[in-house]
Each structure stands twice: as structure tokens, then as C-alpha cells.
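K.L.:
Once you've had a glance at the structure underneath, I'll fire off some questions.
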């Protein structure tokens, strides 16, 4: 049985990917801060998963969670590095340093810590190797207004992906990234409600189940092949074109 650890697994994209991977026969490690929400996901999945309460911004918590999972299941075939937050929308001069730091801690340092722990185990296990899939964003290409912390951290994730793909090459550790545009998560639903209140059109969105299918396809590749970058978006979102 293949194994995958999913961060941010308590809701949204993480939850959808967890359900899809478990249905496809993978054993799933569910990692997030909210224990009760993780237990709800575990109840939906049934057998073949493990709840791992963890704050990805904590080095000790991340190392302990990954070690606990691998000790229980034997090896780590894939990490879906998904946990992330969206800071309050504001121009840079209205964004507090605290909100900036929290975004960096979760979206960038958290990604680094989880990738570092996974890389360490994948290098040491036998047979050597594994796959890391980072959840980037179309914001790493085209930003949303008032999203400086989110945009900058997602650019950092792209750099992390490239570096891991290079450093993992000789170790059979593949690293790729999925850049998602407007998956229907609670964050996007809140943005849609705000747009409706302003009498504006809500943003086009795609179901998280579509994202789960894409991540599943990336995860199922043999280690001799890698999807380095994939952009998955709502067709009608204004991602390309001239203003």
C-alpha cells in the first residue's frame, strides 16, 4: 500500500485530496491543527488513515508528526505539502507585521519544515526516494489585489519546488507543484460573498474534487516521471490577458 501525508487535511483542498487518495487505495496521514476536524475526515475515510494534530509552523511538531506516521506505516511515498493561510486583504501599508509573519510562518516556513522532514525520511528509507507535491497558487504568477503576504510566500514556494526537484534528482525524490486558481474553498466562498455584497460578480470557481483528481494523477506517476508545474484553474477566471 502506498502512503501519503497531507498537510492542511482538515478542510478544503487537503480534505478533498485525502478522500480521493484513500478511495484509490493509499494510506493517508491527516495533518492539521484542528483535531476534531481531522477526526471528521478520518470518519469519512474509515480505515486506512491516521490523524496527526500538528502546527506546520513548529519544527518540533512537524518532525514528531512525520516520524510518528512513518513509524506506524513503514515509509513515506508522497507528501502533499498543502497547508496555507490567506492574510486579511489589505495594501502593504495597511498589513500588520503580525499578519505578514503568520503568513510567512505557515505558507513558507511550514512548507519548508514539512518538505525538509519528508526529504530526510525519503533519503533514508529503502528503497530510497519518494515524491513531494507543493501546493502553490496562480498568485505566484498573477497576484490578487491586496494579497501581498500570500503572493510573496507563494513565490517562495515556487523557489522551494525548483530547489527540491534539483536536490532530490540523484536520490529519486521527485518534487512538483500544482498552482490552483479559484478552488471552491471556504476562503474563496468568503471572497465570493464579499463580492456579492459589493454587487460585483463572484469569482469563477472549480470544485475541490477536480483538484483532488489532479493531485492524484501527479502522485500516481512513477518516480522516473515528474509533473514539475501544473496550473489548474477555473476556465473563466481572469488569469491571462491584458487589462
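The values are calculated or read from the model by the stated rules, or taken from the named source; none is laboratory data. Quick caveat: nothing in here was measured; it's all calculated off a predicted structure. All Cβ positions, even for glycine, are placed from backbone atoms using ideal geometry, and neighbour counts span all protein chains on display.
K.L.:
Mind checking which residues of the stretch 47-56 are more than 14 Å from residue 8 (Cα to Cα) and without any contact (Cβ under 8 Å) to a residue 24 or more places away in the chain?
P.N.:
47, the sole residue that qualifies.
K.L.:
Do we find that residue 166 is modelled with pLDDT of 95 or more and closer than 30 Å to residue 89 by Cβ in this structure?
P.N.:
Spelling it out, it is not the case that residue 166 is modelled with pLDDT of 95 or more and closer than 30 Å to residue 89 by Cβ.
K.L.:
Got at least one residue in the stretch 21-30 being more than 17 Å from the chain's Cα centre (by Cα), closer than 16 Å to residue 211 by Cβ and either surrounded by fewer than 21 Cβ atoms within 10 Å (Cβ to Cβ) or modelled with pLDDT under 95 (or both)?
P.N.:
yes
K.L.:
Which condition breaks for residue 157 when tested against (1) surrounded by fewer than 22 Cβ atoms within 10 Å (Cβ to Cβ); (2) assigned to a helix (DSSP H, G or I)?
P.N.:
Tallying (1) surrounded by fewer than 22 Cβ atoms within 10 Å (Cβ to Cβ); (2) assigned to a helix (DSSP H, G or I), residue 157 fails exactly one: (1).
K.L.:
Moving on. Taking only pairs six or more apart or across chains, which ones have beta-carbon atoms under 7 Å, a first residue in the stretch 75-94 that is within 12 Å of residue 12 (Cβ to Cβ), and a second residue that is at pLDDT 95 or above and in a loop (DSSP other than H, G, I, E, B)?
P.N.:
Listed pairs, sorted by first residue: 82/8; 83/8; 83/56; 84/8.
K.L.:
Based on what the data block shows, is residue 211 under 19 Å from residue 164 (Cα atoms) and not in a loop (DSSP other than H, G, I, E, B)?
P.N.:
So residue 211 fails the test.
K.L.:
Can you confirm whether residue 196 is farther than 30 Å from residue 25 by Cβ and at pLDDT below 80?
P.N.:
yes
K.L.:
Output the residues belonging to the stretch 13-41 that are assigned to a strand (DSSP E or B) and over 26 Å from residue 181 (Cβ atoms).
P.N.:
27, 29
K.L.:
While we're here: How many of the residues making up the stretch 139-156 are at pLDDT 95 or above and farther than 18 Å from residue 183 by Cα?
P.N.:
6
K.L.:
Do we find that residue 179 is in a helix (DSSP H, G or I) and either farther than 23 Å from residue 34 by Cβ or touching a residue at least 40 places away in the same chain (Cβ under 8 Å) (or both) in this structure? Steps first, answer last, please.
P.N.:
Working: in a helix (DSSP H, G or I): no; either farther than 23 Å from residue 34 by Cβ or touching a residue at least 40 places away in the same chain (Cβ under 8 Å) (or both): yes.
Judged against the criteria, residue 179 is not a match.
K.L.:
Here is a further query. Quick check on my filter: what residues within the stretch 197-208 are loosely packed, with under 14 Cβ neighbours inside 10 Å, in contact with a helix residue (DSSP H, G or I) (Cβ under 9 Å, 6 or more places away or on another chain) and either touching a residue at least 12 places away in the same chain (Cβ under 8 Å) or not in a loop (DSSP other than H, G, I, E, B) (or both)?
P.N.:
207
K.L.:
Sticking with this structure for a sec: I'd like the residue in the stretch 33-53 that is at negative phi and in contact with a helix residue (DSSP H, G or I) (Cβ under 7 Å, 6 or more places away or on another chain) and, out of all such residues, is surrounded by the fewest Cβ atoms within 10 Å (Cβ to Cβ).
P.N.:
Restricting to residues being at negative phi and in contact with a helix residue (DSSP H, G or I) (Cβ under 7 Å, 6 or more places away or on another chain), the top hit is 44.
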